[in-house]
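S.K.: Please see the structure below; I have some questions.
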Amino acid sequence: MDVSQKLSHVDEDGRIRMVDVSNKSESFRVAIASGEIHMPLAVVQQLAEQSHRTAKGSIIDTAIIAGIQGAKRTSSLIPLCHPLALSGIDITILPTPKGFTIRCEVRTTGTTGVEMEALTGVSTAALTLYDMCKALSHEMEIGAIRLESKTGGKSDFNR
């Protein structure tokens, strides 16, 4: 990790700014983020017995739709993010013995990356799972939200 780099959202005078990407070249960009939500064993078992449905409907389908909406609205939630024309969003939610894992892949062709959109998609999906299941227990924990990889732009990243 190069700690000599400067923060991109702070100008030379220390003022907050939105990064100017007008001179950057467009490229195909992909970011993948992941996260998880842990639940009590009794809740995991109950959800499995109910095919991951509650009185509110399919928790997985609802969380996928919410994650897609979250990714699309990232620039409205994170103040210095650019509004982007996203070309694709894929969210996968899989049951685990402790709850669920969430993966969000976001794609675009543009002048700035989609890491924040992927992270927001995962976060929104996890929060939706919490909301859908809170009637069963408040003993849930959302965590391990992280960028797995990004391609395009001036540097790639793979965890």
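S.K.: Of the lysine pairs in the range 9-159, how many meet both conditions: Cα atoms under 24 Å apart, and a spacing of 8 or more in sequence or different chains?
M.R.: Taking the range 9-159 as the scope, the lysine pair count is 9.
S.K.: Which whole-angstrom value gives the distance between the alpha carbon centres of the range 77-120 and the range 38-67?
M.R.: With the range 77-120 and the range 38-67 each reduced to a Cα centre, they are spaced 21 Å.
S.K.: Right, another one. Cα-based Rg (one decimal) and Dmax (whole number) for the range 1-109, in Å?
M.R.: Computed over the Cα atoms of the range 1-109, radius of gyration and Dmax are 18.8, 58 Å.
S.K.: For the range 51-64, what does the Karplus curve 6.51 cos²θ - 1.76 cosθ + 1.60, with θ = phi - 60°, yield as ³J(HN,Hα) per residue in whole Hz, taken in order and with x for Gly and Pro?
M.R.: Per residue, the Karplus-derived 3J(HN,Hα) values read 6, 6, 10, 10, 4, 7, x, 5, 5, 6, 4, 5, 5, 5 Hz.
S.K.: Would you mind working out the accessible area per residue for the chain, using a 1.4 Å probe, and quoting it in Å²? Mind showing how you got there, number by number?
M.R.: Values: 9460 Å² over 159 residues.
The answer is 60 Å² per residue.
S.K.: Please find the FRET efficiency linking Arg73 to Thr96, where r is the Cβ-Cβ separation and R0 is fixed at 30 Å, and quote it to the nearest 0.05.
M.R.: Values: r = 27 Å, r/R0 = 0.91.
Approximately 0.65, to the nearest 0.05.
S.K.: For the range 1-100, what % of the accessible area comes from carbon and sulfur atoms, probe 1.4 Å?
M.R.: Working: 3580 of 6560 Å².
Its accessible area is 55 percent carbon and sulfur atoms.
S.K.: Just how large is the dipole of the range 1-136 about the Cα centre, in debye to the nearest 20, putting +1 at every Lys and Arg Cβ and -1 at every Asp and Glu Cβ? Write out the running numbers ahead of the final one.
M.R.: Details: 13 positive and 14 negative charges, 67 e Å.
The dipole of the range 1-136 has a size of about 320 debye.
S.K.: Follow-up. How many nm separate the modelled label positions at Ser87 and Glu12, each set 7 Å beyond the Cα in the direction of the Cβ?
M.R.: The two pseudo-label positions are separated by 3.6 nm.
S.K.: Right, next: Got a sec to turn the phi values of the range 130-137 into Karplus ³J(HN,Hα) couplings, 6.51 cos²θ - 1.76 cosθ + 1.60 with θ = phi - 60°, whole Hz, x for Gly and Pro?
M.R.: Rounded to whole hertz, the list is 4, 4, 5, 10, 5, 5, 8, 5.
S.K.: Take every Cα pair under 8 Å in the chain that's 6+ residues apart, average their separations, divide by the length, and report that relative contact order as a whole percent. Before the final figure, lay out the partial values.
M.R.: Numbers: 312 pairs, mean separation 57.4, N = 159.
For the chain, the relative contact order is 36 percent.
S.K.: Continuing with the same structure: Using each residue's phi in the range 69-76, evaluate 6.51 cos²θ - 1.76 cosθ + 1.60 at θ = phi - 60° and report the 3J(HN,Hα) Karplus result to the nearest Hz, with x for Gly and Pro.
M.R.: Result, ordered by residue: 4, x, 4, 5, 9, 3, 5, 7 Hz.
S.K.: Please give, to one decimal in nm, the separation of the simple spin-label points placed at Ser51 and Lys24, each 7 Å out from Cα toward the Cβ.
M.R.: 4.4 nm
The values are calculated or read from the model by the stated rules, or taken from the named source; none is laboratory data. Quantities reported herein were computed from a predicted structural model and do not represent experimental measurements. We place every Cβ from the backbone using ideal geometry, glycine too, and count neighbours over all the protein chains shown. The protein model used for the area step is the full one, side chains on, heavy atoms only, and it has no ligands, DNA or RNA in it. Shrake-Rupley method; radii C 1.70, N 1.55, O 1.52, S 1.80 Å.
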